Amino acid sequence: MNITIFGASGAIGQLVTQLALDHGDFVTAYVRTPQKVSLKHPNLSLVQGELSNSSTIEKAVDESDVVISTLGPGSDMSRKLKGTPIADGHELIIKAMKKHNKKRFITLATPALQSDDDKKNVSTILPGVLAKVLLPNGYAEMKKMEGMIKKSNLDWTVVRIINPNVKYTGQSYGYSFGDQSAKMSVSRENVAKFMYSAASDNALIRKMPIIYNK
């Protein structure tokens, strides 16, 4: 596959990039600071740009079969709203994909972004409540993303995560929509594995699974 990855210099982004390269895919990594990408591979190309640069984003997705975003809002606990750069970037990514007739889009979010499939459960309710109170900037990002993603005609999958800071010791992962008990944490490695596997799993199209370590 030709995969474009936004946020490829981040912790999860680098893991997804490595997985794709290990499987023989061609990766276009969209990054603000290329120096932060330590990976070197003949199948890896870098595109430097800001999330506000629509023409550069279009260039990055032009040849892609799958677009993956590992971008997420910062954990800013201040009460002052500071804009929605991640959501605004998603809007430009979606527009670029539509312009170039690209369909498969996989992105990262938290359960503050709600799925129509959600059942009432701690994992589907509590994160949104806490985010609204403690992380108003991140909550604003999620709600803005929710509207634009659901309205788009892309074949999207939103991978929702809670506390992706658990040390990876070989655990497997599962996913839920609140229909089963889910741990409130996941390792970055398992997030990356799930996001990469979702690229070839049509059963996850227009779904918003919550990923957790088993």
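The values are calculated or read from the model by the stated rules, or taken from the named source; none is laboratory data. In this text, all values refer to a predicted model and were calculated from it rather than measured experimentally. So basically every Cβ, Gly included, is an ideal-geometry build from the backbone, and we count neighbours across all protein chains shown. Heads up: the accessible areas ignore ligands, DNA and RNA and are worked out on the full protein's heavy atoms, side chains in. Shrake-Rupley method; radii C 1.70, N 1.55, O 1.52, S 1.80 Å.
Take residues that are buried (at least 19 other Cβ atoms within 10 Å of the Cβ) and at pLDDT below 80 and tell me which of the helices (runs of 4 or more DSSP H) falling wholly in region 38-141 contain 1 or more.
So the answer is 122-134.
Within region 2-30, which residues are β-branched (Val, Ile, Thr) and surrounded by fewer than 17 Cβ atoms within 10 Å (Cβ to Cβ)?
Within region 2-30, none qualify.
Is it the case that Val186 is closer than 24 Å to Gly7 by Cα, part of a loop (DSSP other than H, G, I, E, B), of a type in the set (A, V, I, L, M, F, W, C) and modelled with pLDDT of 90 or more? Before you say what the answer is, go through the steps one by one.
Details: closer than 24 Å to Gly7 by Cα: yes; part of a loop (DSSP other than H, G, I, E, B): yes; of a type in the set (A, V, I, L, M, F, W, C): yes; modelled with pLDDT of 90 or more: yes.
Criteria met by Val186.
When Val158 is evaluated against the numbered criteria (1) farther than 17 Å from Val16 by Cα; (2) part of a strand (DSSP E or B), which criterion, by number, is the only one it fails?
(1)
Can we say Thr169 is under 17 Å from Phe105 (Cα atoms), out of contact with any His (no Cβ under 8 Å at 6 or more places or on another chain) and not in a helix (DSSP H, G or I)?
Working: under 17 Å from Phe105 (Cα atoms): no; out of contact with any His (no Cβ under 8 Å at 6 or more places or on another chain): yes; not in a helix (DSSP H, G or I): yes.
Considered against the rule, which asks whether it is under 17 Å from Phe105 (Cα atoms), out of contact with any His (no Cβ under 8 Å at 6 or more places or on another chain) and not in a helix (DSSP H, G or I), Thr169 comes out as no.
Output the residue which, of all residues in region 174-201 that are within 21 Å of Asp118 (Cβ to Cβ) and in contact with an Asp or Glu (Cβ under 9 Å, 6 or more places away or on another chain), is most open to solvent (accessible area, probe 1.4 Å).
Per the stated criteria, the residue is Asp179.
Can Thr33 be described as crowded, with 17+ Cβ neighbours inside 10 Å and of a type in the set (Ser, Thr, Tyr)?
no
Among the candidates Leu15, Leu51, Leu39, Leu92, which residue alone is over 15 Å from Met148 (Cβ atoms) and either without any contact (Cβ under 8 Å) to a residue 60 or more places away in the chain or over 17 Å from the mean Cα position of the chain (by Cα) (or both)?
Leu39
Test Leu108 against the criterion of being within 15 Å of Asn2 (Cβ to Cβ) and of a type outside the set (Asp, Glu), and give yes or no.
Spelling it out, it is not the case that Leu108 is within 15 Å of Asn2 (Cβ to Cβ) and of a type outside the set (Asp, Glu).
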